[in-house]
Every structure is written in structure tokens, then in C-alpha cells.
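For reference, the structure is listed below as C-alpha cells.
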Amino acid sequence: MSNNGHKTIELPANVTVRQLADLIKASPIDIIKQLMSNGMMATINQQIDYDTAAIVVSEFGFEAQPQIVIEEKAEEEQGPTAEWRKIIDREAAEDLVVRPPVVTILGHVDHGKTSLLDAIRKSDVAAGEAGGITQHIGAYQVVHDGRKITFLDTPGHEAFTAMRARGAQTTDIAVLVVAADDGVMPQTREAAAHAKAARVPIIVALNKIDKPNANPERVKQQLSDIELTPDDWGGKTMVVPVSAKQKKGIDDLLEAILLIADDTSIRANPQATAAGTVVEAQLDRAKGVIATLLVQNGTLSAGDILVAGKVYGHIRRMFNDQGKVINDAPPSAPVSILGLSELPNAGDLFRVVNSDREAREIVARRKLALKEAAAKPAKGLTLDQVFAKFQAGETKELALVVKADVQGSLEPIVTSLQKLSTDDIKVVILYGETGNVTENDVLLASASKAIIVGFAVSADQAAQRLADKEGVSIRLYDVIYRVTEDIEKALKGMLEPEYKDVLIGKAEVRQVFRIPKIGNIAGSYVREGEIRRNATARVVRGGQKVFEGSVSSLKHLKDDVREVRQGFECGIGLNGFDGFRTGDLVEFYAKEQVE
Ligand code: GDP
């Protein structure tokens with residue numbers, strides 16, 4: 001409280017109408033009205049400056065104070081959600097060079113992910129010669145046709161999506177393993193959904209073709225059903241038959257990966273400050289923290305000082321995936337390093353900084369930010385927030401994960417939800433499946449800023465806990481039409497509100513007063529409705545509009561008032577208009593939201 005009885009409020013240099021409304025717990029409409037009465041037409045997402053905001057909040061009984069901002073680089077502000085693609089986008093085009101693709105292997109349990117990763121690794125003669133004992137650091141590179149490919153060695157979409165939920169964008173290409181004898185299974189569908197949500201191209205490895213009961217044609221049919229139509233069936237998905245066990249088709253698979261890589265612009269700037277993602281980390285009693293890093297931009301060098309999440313350190317020693325000591329690691333190289341102060345998390349982003357001091361400062365700041373963030377619910381989205389993002393022009397999509405009790409209810413729900421798409425907003429079903437809401441669903445929703453919709457199912461306890469932590473909204477329903485009704489309502493809310501002018505009252509000018517320095521005031525009588533200071537006024541003479549503008553003053557007797565009702569007298573001043581005549585009508589229009 002300040003000494004004049006007003007509540008004080010800190011305002012930033014710029015604030016949107018919506019943010020301001022949130023700050024003072026007022027309706028954005030009231031703020032817009034208040035701005036209009038000050039002669040400013042604003043939309044809900046419009047930025048207004050400090051001075052304007054200060055005037056507006058004073059009308060609501062607040063005293064504004066400039067917010068003190070601790071300088072922070074934009075990159076830091078975004079923290080782990082900074083997308084690498086954006087970082088790369090900032091690089092000048094001429095500095096970008098092709099880098100090896102980074103590949104993740106996904107698929108249903110027992111379909112052969114681990115066996116395939118093994119077979120690929122052993123396909124590289126050079127890698128095989130180097131040791132024989134395979135050094136697992138969580139990622140490795142192979143050379144095919146003289147070109148490198150990086151594989152992330154933790155198979156499964158849980159790891160993939162957990163990293164993505166932390167903001168890491170590591171994977172360029174996903175290999176979806178489908179056993180030819182077993183076909184498309186629930187986790188195959190789930191994995192495909194996760195890769196699609198991440199907008200990562202998918203290659204299918206049709207594994208176990210050596211098995212007598214392998215049925216590739218049936219699998220291709222199933223793949224077509226989940227929108228992964230094989231290219232030999234007229235679709236776009238490359239389907240490569242392999243046998244991880246007999247090490248057959250591995251070269252074809254690597255060939256396919258390189259083809260897709262050529263199709264996709266996979267680039268980085270080796271000259272930039274090195275940055276990337278922590279793939280995994282462990283504590284070794286003798287050596288301390290051993291962290292596997294994937295370099296995604298720049299070249300990482302021994303001796304560099306780096307910050308990874310909320311830990312930092314000097315790179316004491318650096319090894320490649322075959323355990324050889326190296327001094328420099330270019331983009332897409334997986335390396336393990338010694339020298340970090342503490343264990344970083346898998347999925348944390350890292351970057352090289354200039355000095356120890358800078359590293360310590362960043363870490364201190366991040367720890368503080370994390371403490372503050374822990375007090376607040378996290379980064380998931382409610383329908384309202386999606387709506388806000390839509391309004392801010394940040395998204396034109398509503399992403400949903402749909403769970404239902406049986407296939408018979410899932411299909412109509414998915415179809416009717418998809419039908420809610422309009423030209424302005426697209427409803428994207430990331431994943432639709434039967435069964436309760438699981439942790440994986442929450443991870444997918446969190447990583448993709450999606451909302452979970454469940455019909456006649458419940459959320460597992462673990463899923464609910466994770467959803468609370470990640471701030472993901474789970475909406476459960478028991479009546480089918482309520483699902484679509486609810487989402488439709490949310491989508492309607494997503495549309496920018498439209499306003500129309502509504503006549504709220506009329507006053508008749510009975511006498512014109514000249515007030516020195518201010519101008520002419522119309523002494524009037526309210527004939528109909530109510531007139532308001534924050535409305536738009538239209539002066540009508542003999543049925544013709546002679547002026548339209550905002551109200552500069554509205555008085556009843558000697559008092560400044562917000563409104564005057566029918567049957568009362570008042571003094572009206574208009575901004576930029578002095579030509580009142582006795583007998584003029586002043587019509588008052590308010591902006592009203594069109595449903
Ligand atoms: P993951 O759970 O997807 O990692 O699957 P694994 O790699 O552990 O493989 C599951 C089982 O399938 C193991 O018993 C493997 O030996 C077997 N397997 C994997 N690939 C092949 C293959 O190409 N042919 C045959 N016949 N068996 C395979």
C-alpha cells in the first residue's frame with residue numbers, strides 16, 4: 001500500500017491488455033473500455049506502454065511502479081525450451097554446412113530395437129576394429145559410403161519424448177522398427193505419434209524378415225492404416241526389410257537414412273560457439289561425472305568451459321564413442337567428457353561460455369529461476385492458455401491426445417474432433433488410442449503442448465502426478481457429445497473476439513457552454529438509455545452525422561462521472577469537437593463482443 005491509499009503494482013515497460021488484466025485481476029474487456037475512454041482503441045493482445053498502462057490501472061485504484069528487470073539474455077530466458085532449430089536459424093546461411101543426421105530408433109517392445117542398434121554398430125568395420133569391446137556411451141557414429149550417421153543408443157520413445165519435453169531437439173530422423181511377424185502394435189502407433197508430433201521424418205525398418213511367419217504385406221497394410229503408407233504402395237514412407245539377427249538389409253537402411261538426410265536440410269555452423277544436448281550422465285567413483293554430449297552446433301574442444309542445465313565445468317578430457325581421446329568434436333558428434341561439477345540431466349542443453357565467472361553466474365541464475373519455477377505450476381497448457389497463444393499468433397493449432405475406453409467410441413470422437421478444424425484453427429490429433437491416460441500420454445502432451453482428452457477412462461495415478469508437475473491438462477468425459485462441445489467452445493474462445501457498435505443511449509443538447517481553455521460543453525438531457533464516458537459519441541443533426549469521436553468529459557452537476565442515465569442532465573465534452581448546437585442529438589455507442 002502506498003501512502004495515498006492506492007495499492008501499488010509493478011508494471012513492465014510494455015504489457016499486453018491481457019497481461020495487464022491478469023495483473024490487476026480485471027476483465028480484459030474492462031481494460032479495453034478504459035483505454036477507449038482514453039481515446040485508444042486496443043485489442044486484447046495489443047502491447048501498451050508503461051505510461052498508458054499506469055493511467056489505466058489508476059482507474060482501477062492501483063498506483064503503478066516501474067518493474068525492475070534483471071537483465072537476462074533472450075536465450076537464457078527461454079531456458080531449456082530454446083529450440084535448436086531456432087539457434088541454427090540464427091546462423092548466417094553461408095556459415096552452415098551439412099552435418100551427419102542424428103537418428104533415434106523407436107518401436108514396440110521385442111520388435112528388435114536393441115538388436116538393430118547392435119547390428120548397425122557392428123556394420124561399421126572401422127568401429128569394429130577399434131575395440132571389439134563396445135563402449136556404450138548412449139550414442140555412436142557409423143560411416144556408410146564415406147558419410148557419418150549418428151545413432152542415439154537409448155531406444156524407445158519414452159527417452160525420445162522425455163528429452164523433447166525438456167526442450168531438446170536432438171533427432172533428425174526416426175527409424176520405426178516393426179517386426180514382420182508381429183506387425184503394428186500399440187507402442188508402434190504410439191512411437192509413430194511421438195515422432196510425428198516432433199515433426200521428425202520416419203523410416204520403417206521391417207525387422208525379422210528371416211522369420212518363417214514374417215508377413216511383410218500384412219505389415220504394409222497396417223502401416224497404411226496409420227498414415228505411414230509405404231512408397232511402393234504409393235505412399236511416402238520408406239519401408240526397409242531387415243534382419244537384425246542375420247545382419248541383412250542394414251546397408252539398405254543406412255542408405256535410406258542418408259537419402260532422407262539429403263532431402264532434409266540437416267546443417268550446422270562448425271565455427272559457432274559449441275552447443276548441444278546432454279544425452280546421458282553418470283557418476284564414476286574414480287573419474288567423477290562422465291557426461292555424454294551430442295554436439296549440435298559449433299565445435300566442442302577440450303578445455304572449453306561449459307554450462308549444462310544447472311551445472312558447469314571445464315572439459316578436462318574428451319572421448320569419442322570408441323573411447324579414444326579427442327580434442328575437437330564437430331556438429332553431430334557424440335562425445336563423453338570429464339570435468340563437470342555435478343550430474344546434469346539427460347535432455348539438458350549445454351553451451352560453451354567464455355569464462356568461469358560467466359558459467360557460475362548463469363548457473364546461479366538458473367538455480368534461482370528453478371526455485372521460483374518450482375513454486376509455480378509448470379509449462380503445460382490449459383485450454384485457456386492455448387487460446388491465449390492462438391490470440392498472440394503463436395499457434396494456429398490445437399493439439400490433442402485422445403484416449404477412450406473402446407475402439408467403438410474412439411473413432412467417432414476422433415472424427416468429430418477433426419471436423420472442428422476451421423480455416424483459422426486446426427485440430428490436430430497427435431495420438432488416439434484405447435486405454436487409460438498414461439505417463440507416456442502426459443509426456444507426449446507436455447512435449448507437444450497438447451491437451452489430453454479422455455472418454456470413459458481414468459488417468460493413472462502416476463500420469464496424474466506427472467500432469468500436475470508438468471502442468472498438462474487432462475480433461476475426462478463420460479458423455480461423448482460433451483467432448484466435442486467442450487473443445488468446440490474452447491475453439492470459439494480461440495477466435496479473436498469481434499466487436500460491433502451498439503447504441504446504448506441518446507442525449508439532447510439543450511445549451512452550449514463555453515469553458516475557457518477547454519472548449520465547448522454541451523449541457524444535455526439524457527433522453528434514452530444510458531450514456532457513458534468510455535463510449536464513442538456521435539453527434540447527429542437533422543438526421544445527419546456531423547461528428548464521431550471519444551468523450552473528453554462527462555459531468556453530472558459538478559462531478560466527473562462514468563455514466564448518466566435516462567432522465568438526468570449532464571455536461572458533455574467531446575475530443576476534437578466544439579460545434580455543438582442546441583437541438584443536436586448525441587448518440588452513445590459501446591463496443592460489444594459478437595458471439
Ligand atoms: P527390443 O525390445 O525392441 O529392443 O528388442 P530386442 O532387440 O531385445 O529383440 C527382441 C527379441 O527379438 C530378441 O530375442 C532378439 O534376438 C529377437 N530378434 C531381434 N531381431 C531379430 C531378427 O531380425 N530376426 C529374428 N529372428 N529375431 C530377432
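The values are calculated or read from the model by the stated rules, or taken from the named source; none is laboratory data. All of these numbers come straight from a predicted model, not from anything done at the bench. Cβ atoms come from the backbone with ideal geometry, glycine included; neighbour counts cover every protein chain shown. Accessible surface areas use protein heavy atoms only, side chains included; no ligands, DNA or RNA. Shrake-Rupley method; radii C 1.70, N 1.55, O 1.52, S 1.80 Å.
Counting only residues that are in contact with a Phe, Trp or Tyr (Cβ under 6 Å, 6 or more places away or on another chain) and either part of a strand (DSSP E or B) or not hydrophobic (A, V, I, L, M, F, W, C) (or both), how many does the range 173-193 have?
The qualifying residues number 0.
Quick one: is Gly128 at pLDDT below 90, surrounded by 19 or more Cβ atoms within 10 Å (Cβ to Cβ) and more than 27 Å from the chain's Cα centre (by Cα)?
Here the answer is no, as Gly128 does not meet what is asked.
Taking the stated definitions as given, is Gly313 crowded, with 18+ Cβ neighbours inside 10 Å, outside any strand (DSSP E or B), in contact with a Ser or Thr (Cβ under 8 Å, 6 or more places away or on another chain) and not β-branched (Val, Ile, Thr)?
So Gly313 does not fit the description; no.
From Thr188, Thr114, which residue is among the β-branched types (Val, Ile, Thr), over 18 Å from Lys245 (Cβ atoms) and out of contact with any helix residue (DSSP H, G or I) (no Cβ under 8 Å at 6 or more places or on another chain)?
Thr188
Can we say Pro212 is away from the ligand (no atom under 11 Å from the Cβ), surrounded by fewer than 23 Cβ atoms within 10 Å (Cβ to Cβ) and of a type outside the set (Ser, Thr, Tyr)?
Answer is no for this residue.
Looking at Thr154, Thr188, which is the one that is within 16 Å of the ligand (Cβ to nearest atom) and open to solvent by 40 Å² or more (accessible area, probe 1.4 Å)?
Of Thr154, Thr188, the one residue that is within 16 Å of the ligand (Cβ to nearest atom) and open to solvent by 40 Å² or more (accessible area, probe 1.4 Å) is Thr154.
Considering only residues that are over 19 Å from Val102 (Cβ atoms) and of a type in the set (Lys, Arg), look in the range 264-310 and name the one that is surrounded by the fewest Cβ atoms within 10 Å (Cβ to Cβ).
Taking the candidates together, the pick is Arg285.
Looking at (1) open to solvent by less than 30 Å² (accessible area, probe 1.4 Å); (2) more than 16 Å from the ligand (Cβ to nearest atom); (3) at pLDDT below 90; (4) not in a loop (DSSP other than H, G, I, E, B), which is the one condition that is false for Phe160?
(2)
List the strands (runs of 3 or more DSSP E) that sit entirely inside the range 477-595 and contain at least 3 residues that are loosely packed, with under 14 Cβ neighbours inside 10 Å.
Ranges flagged: 498-515.
Restricting attention to the range 432-453, report how many residues are farther than 23 Å from Thr170 by Cβ and either part of a helix (DSSP H, G or I) or open to solvent by less than 10 Å² (accessible area, probe 1.4 Å) (or both).
Result for the range 432-453: 4.
Look at Ala180 and say whether it is in contact (Cβ under 8 Å) with a residue 24 or more places away in the chain, of a type outside the set (Ser, Thr, Tyr), open to solvent by 20 Å² or more (accessible area, probe 1.4 Å) and within 16 Å of the ligand (Cβ to nearest atom).
no
May I ask you to list pairs of residues, at least six apart or on different chains, whose Cβ atoms are under 9 Å apart, with the first in the range 523-534 being farther than 7 Å from Ala507 by Cα and the second being among the aromatic types (Phe, Trp, Tyr) and open to solvent by less than 10 Å² (accessible area, probe 1.4 Å)?
Gly529/Phe588; Glu530/Phe588; Ile531/Phe588; Arg532/Phe588
Could you please find all residues in the range 194-206 being in a helix (DSSP H, G or I) and surrounded by fewer than 20 Cβ atoms within 10 Å (Cβ to Cβ)?
Lys196
Among the residues of the range 302-319, is there at least one that is out of contact with any strand residue (DSSP E or B) (no Cβ under 9 Å at 6 or more places or on another chain) and within 27 Å of Arg164 (Cβ to Cβ)?
For the range 302-319, residues out of contact with any strand residue (DSSP E or B) (no Cβ under 9 Å at 6 or more places or on another chain) and within 27 Å of Arg164 (Cβ to Cβ): present.
Report every pair of residues separated by at least 6 positions or lying on different chains whose Cβ atoms are under 9 Å apart, first residue within the range 201-213 and under 15 Å from Lys248 (Cβ atoms) and of a type in the set (S, T, N, Q), second open to solvent by 40 Å² or more (accessible area, probe 1.4 Å) and within 7 Å of the ligand (Cβ to nearest atom).
Pairs that qualify, where the first residue is under 15 Å from Lys248 (Cβ atoms) and of a type in the set (S, T, N, Q) and the partner is open to solvent by 40 Å² or more (accessible area, probe 1.4 Å) and within 7 Å of the ligand (Cβ to nearest atom), are Asn207/Ser115; Asn207/Lys245.
Can you give me the number of residues within the range 393-416 that are surrounded by 14 or more Cβ atoms within 10 Å (Cβ to Cβ) and over 21 Å from the mean Cα position of the chain (by Cα)?
Total meeting the criteria: 9.
Return the pairs, sorted by first residue and then second, in which the second residue is of a type in the set (Lys, Arg), the first residue lies in the range 315-342 and is farther than 17 Å from Ile305 by Cα, the beta carbons are less than 8 Å apart, and the residues are 6+ apart or on different chains.
Val325/Arg317; Pro331/Arg99; Ser332/Arg99; Ser332/Lys148
Every residue in the range 454-476 that is hydrophobic (A, V, I, L, M, F, W, C) and open to solvent by less than 60 Å² (accessible area, probe 1.4 Å), please.
Phe455, Ala456, Val457, Ala459, Ala462, Ala463, Leu466, Ala467, Val472, Ile474 - these are the residues of the range 454-476 that are hydrophobic (A, V, I, L, M, F, W, C) and open to solvent by less than 60 Å² (accessible area, probe 1.4 Å).
State whether one or more residues within the range 224-242 are crowded, with 19+ Cβ neighbours inside 10 Å, away from the ligand (no atom under 16 Å from the Cβ), in contact (Cβ under 8 Å) with a residue 60 or more places away in the chain and assigned to a strand (DSSP E or B).
No, every residue in the range 224-242 fails to be crowded, with 19+ Cβ neighbours inside 10 Å, away from the ligand (no atom under 16 Å from the Cβ), in contact (Cβ under 8 Å) with a residue 60 or more places away in the chain and assigned to a strand (DSSP E or B).
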